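Working notes, beginning with the structure itself.
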Amino acid sequence: MSAAGRRGFHGLALRIYVVTVAAVLAAGAAVFLALTLARERGEPPMHHLLVDLGRYASAEVAARWPAEADVRREVDALAGALHVRSAVFRWDGSLVASADARAAPLSPAEREALARAGKVERRTDGAPGPNEIAFPIPPEGEPVGYLIVAAPGPRPAGTRPPPPELLTLALVLVGVGVSAIVLGGSIARPLDRLARTARALGSGDLAARTGVVRRDELGAVARAFDDMADRIVALLRGQTELIANVAHELRTPLARIHVALDLAADGDASVARESLAEIGEDLAELEALVSDVLASARMDLAGNTASGAEPPLHRRTLDVAAVVGDATERLRHRHPGRAIVVELAPDLPPIEGDAVLLRRALDNLLDNARKYSPPDAEIRVTAARRGGDAVIEVIDRGEGIATSDLDRLFTPFFRTDRSRARATGGVGLGLALARRIVEAHGGTLLARSAPGAGTTMSIALPGRP
């Protein structure tokens, strides 16, 4: 444990100890006050217990009377089990059984008082207060004998034992101290581990985790911290991958533009003009890449409710047929040879949305269908009403998507083709961005696909009330 952790451990244990000791002292003060009041009334703490014990013992002896052996066993049981000195006498004063060599029979006056009152207390050593209590045998009716129960004997002169309640309180405080240390350690150790892990993660150790496995609230905090660390690491890796992917996508078109400029500078204008078409396609892809990055940034701002600003979504009433028509026309303009079939239902409901972002989402779905299907395969786009929703589907007859990849299809930077061929390009943001845009409009984006059977992307957007 670190120095800071040891300080936290001792400080926490001390706080637990102080709070617990305060509660124990408060309870002890109440008990001590009650005992003090009892002493002031002349009733020692053991007096009531001794009276109850004597009455019980006299009834037990009466049940065994006059069998002296049974009476003797009862007296021995009191001495052995309860450490109480007692003696049994006949009414005439003759001894029947005794566990106290100092016991003396009652005087005639004491016997008379015992028969009248049912209990006699006396002091045999001259000290204040009674130290012996006599009870008649049997407790009710004509007495045939009596039982004398003796209180604990006096201590040697000059010694004053500490009050038993103070000894009990001292033992309680020691136990509380040990418990506070154990409890403080069980709390402080995982907190210290959590603090050291946070510092390590902040200093750049992305592998730092608490590793605390507990089933209480501290374990829940540690698991939440580890989950947060995993998300931070995934976010940092995603950002790094985004930078690498964007750099890769920029390098090839920039190289082509550089070559065309070199050819034009050398005077070979005809060859440079032949490269313009490819350069135009590359620039269109770069424009799409920049649009994806900017749209992703807008969605990040839209989800940043902590800033207190309104999400930057410019909503207005949109015609679904017009949105779909604009998207498909842009694809036809960029790729004139691609067959695109559009099917629009006549009862499409209007929707509330951001035209630019929804256009970006549809552009990404259409471009994805173009990239992953053969050049001569048609792309079908349908729009229909489903209840109160407008459902737009982009259907291709491409290579399809493996079932194992469907769950990760909308994860940022995920691509099923890790080879990064220029035929497909991209950085893995298109589908993730499309889903974020649709969900920001209160809709859903789902994918249905199978290898060799093509892919269907289905957007469901709520209609305007």
Item checked: Residues being among the β-branched types (Val, Ile, Thr) and open to solvent by less than 50 Å² (accessible area, probe 1.4 Å) - total across the range 188-225 -> 3
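Okay, residues lined up against (1) in contact (Cβ under 8 Å) with a residue 60 or more places away in the chain; (2) on the phi > 0 side of the Ramachandran plot; (3) touching a Phe, Trp or Tyr at 6+ places or on another chain (Cβ under 6 Å); (4) part of a loop (DSSP other than H, G, I, E, B):
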{"site": "ARG330", "(1), (2), (3), (4)": "no, no, no, no"}
{"site": "ARG338", "(1), (2), (3), (4)": "no, no, no, yes"}
{"site": "ASP347", "(1), (2), (3), (4)": "no, no, no, yes"}
{"site": "LEU357", "(1), (2), (3), (4)": "yes, no, no, no"}
{"site": "ALA361", "(1), (2), (3), (4)": "yes, no, no, no"}
{"site": "ASN364", "(1), (2), (3), (4)": "yes, no, no, no"}
{"site": "ARG370", "(1), (2), (3), (4)": "no, no, no, no"}
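Residue by residue, here is whether (1) among the polar types (S, T, N, Q); (2) over 46 Å from the mean Cα position of the chain (by Cα); (3) modelled with pLDDT of 85 or more holds:
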{"site": "ASP347", "(1), (2), (3)": "no, yes, yes"}
{"site": "GLU352", "(1), (2), (3)": "no, no, yes"}
{"site": "PRO375", "(1), (2), (3)": "no, yes, yes"}
{"site": "ALA383", "(1), (2), (3)": "no, no, yes"}
{"site": "THR411", "(1), (2), (3)": "yes, no, no"}
{"site": "ALA432", "(1), (2), (3)": "no, no, no"}
{"site": "THR444", "(1), (2), (3)": "yes, no, yes"}
Check: When residues of the range 78-104 are filtered for being open to solvent by less than 50 Å² (accessible area, probe 1.4 Å) and part of a helix (DSSP H, G or I), how many remain?
Finding: 2
Next item on the list: Go through the range 105-120 and give me each residue that's touching a strand residue (DSSP E or B) at 6+ places or on another chain (Cβ under 9 Å) and assigned to a helix (DSSP H, G or I).
Entry: GLU110, ARG111, ALA113, LEU114, ALA115
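The values are calculated or read from the model by the stated rules, or taken from the named source; none is laboratory data. All figures in this text were calculated on a predicted structure; none of them were measured in a lab. Cβ atoms come from the backbone with ideal geometry, glycine included; neighbour counts cover every protein chain shown. Just the protein is used for accessible areas: all its heavy atoms, side chains included, with ligands, DNA and RNA removed. Shrake-Rupley method; radii C 1.70, N 1.55, O 1.52, S 1.80 Å.
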